[in-house]
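What follows is a short report on a single structure.
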Amino acid sequence: MQTHCIQHDIIEAAAAAARHVAGTMSSTTAGQSTSASAGVSTNSVLEKLGLLLVALVVLRLTRAAMKFAYRHVLGPSALCRGTVDFVKCGKWAVVTGATDGLGKAYARQLAGRGMDVVLVSRTQAKLDATADEIRAQYPSRRVKCVRADFTDPDTSAVYSHVGRELHGLEVGVLVNNVGLSYPHPEYFLKAAEDRCGDADGGKAAASAGWGPQLFDDMVRCNITSMVNMCRLVMPGMADRKRGCVINIGSTASRIPCPLLTMYGATKKFVEKFSRELNTEYGGKGKHGTNITVQCVMPGYVATKMSKIARTSWLVPSPDTFVKSALQTTGLEPVTTGYFPHTLMVKAIELAESISESMMARTVMNNMLGIRARALRRLAKEQQQREEAQSATATDK
């Protein structure tokens, strides 16, 4: 009997052990199954996220390719006619800063597109010479000259005079091109420094454009002129519900420009002003006035302001640049106007996205190099003047 009880206990213990082992194995199997299920679920989520990212990249690339094709191939073509028909905007085109560089190229090419042109600049001799060139090239076009100094502190007198000269003209296109930059890259405080203590009393610095008046002149020329010319010309465009305003900015508003701080800041105003003005007046609906407002932001162009004489793929002539820029009017509200300049800006923006501080230092070092070369050139010119004066004094 005792033996039977012991056997029974052993059997019960064995059965209990078996149940425990079975339970453990079941738990292990269940755990493994849960882990496998979780792993499959995680992989599925990652795969979906990967596919979503790939789709987004493809969508962005497709959109960029379609935008490029429209703006540079289809839009300017006769098939789409996306660009502005300047002649339909009005009879006259007004161009400020029209006797040099981009302004002269805009005036000449708009005349070539069938518009009469108003040239606005501060030097009468240059106005007359430019007008004669355009009349000789396009005999059927009328050319009117308006002398105005946009750096004059008496802004009321300046714009009253310009307004009287433009009165009665059907102005369809306004090109706000006039602008003022630094004579060469310079530190902010040094640029507007009073240089009366120089050996010549500051005369050389003043004639070069340096001095306390520099920044005031820059604001009047780069900002005030644009705002007031728009105020003079755009009411007629709004009444006729057609017109085009082209404001010339600079890539300096999009990329680092140390030692040209004030210039870059004024051009940032040009960009912002143009964007919002185009939104306000660019629509064709009930509240729109069908006025195209474009900001063109060139990089280096071989002009008097840039002090670059030799042209290249990246540094075009004014005529090459303007021909390209006019093809974007009506397609791009804000543009560099020239594809190589767009590539340059995108490359710099990409470098900034990787390391903003590195890009800023690189540009700063480049600007310091340009500044050093300019100072050496000025020192050499000053030495030559002093030697010439000394030789003249010796002759006497």
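The values are calculated or read from the model by the stated rules, or taken from the named source; none is laboratory data. Because the structure is a prediction, the values reported are computed rather than measured. Quick reminder, even Gly has a Cβ in these numbers, built from the backbone with ideal geometry, and neighbours come from all protein chains shown. Heavy atoms of the whole protein, side chains included, go into the accessibility calculation; ligands, DNA and RNA do not. Shrake-Rupley method; radii C 1.70, N 1.55, O 1.52, S 1.80 Å.
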Quiz item: Looking only at region 139-155, which residues are more than 25 Å from Lys91 (Cα to Cα) and either aliphatic (A, V, I, L, M) or open to solvent by 90 Å² or more (accessible area, probe 1.4 Å) (or both)?
Solution: Pro153
Quiz item: Given the structure, is Met367 in a helix (DSSP H, G or I), surrounded by 16 or more Cβ atoms within 10 Å (Cβ to Cβ) and not polar (S, T, N, Q)?
Solution: yes
Exercise. With the condition kept exactly as written, say whether any residue in region 185-193 is under 23 Å from Leu375 (Cα atoms), open to solvent by less than 80 Å² (accessible area, probe 1.4 Å), in contact with a Cys (Cβ under 9 Å, 6 or more places away or on another chain) and not in a helix (DSSP H, G or I).
Key: yes
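Here are Phe339, Phe321: which of them is open to solvent by 30 Å² or more (accessible area, probe 1.4 Å) and in contact (Cβ under 8 Å) with a residue 12 or more places away in the chain? Walk me through how you get there before you give the answer.
Numbers: Phe321 fails: open to solvent by 30 Å² or more (accessible area, probe 1.4 Å).
So the residue among Phe339, Phe321 that is open to solvent by 30 Å² or more (accessible area, probe 1.4 Å) and in contact (Cβ under 8 Å) with a residue 12 or more places away in the chain is Phe339.
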Practice problem: Using the structure shown, decide if Val117 is touching a helix residue (DSSP H, G or I) at 6+ places or on another chain (Cβ under 7 Å), in a loop (DSSP other than H, G, I, E, B) and at pLDDT 95 or above. | Solution: no
Quiz item: So, in region 104-138, of the ones that are open to solvent by 50 Å² or more (accessible area, probe 1.4 Å) and without any contact (Cβ under 8 Å) to a residue 24 or more places away in the chain, which residue ends up farthest from Lys91 (Cα to Cα)?
Solution: Ala125
Quiz prompt | Flag for Thr320 being β-branched (Val, Ile, Thr) and in contact with a strand residue (DSSP E or B) (Cβ under 7 Å, 6 or more places away or on another chain) | solution = no
Quiz item: In region 62-85, is there at least one residue being touching a strand residue (DSSP E or B) at 6+ places or on another chain (Cβ under 6 Å) and at pLDDT below 95?
Solution: yes
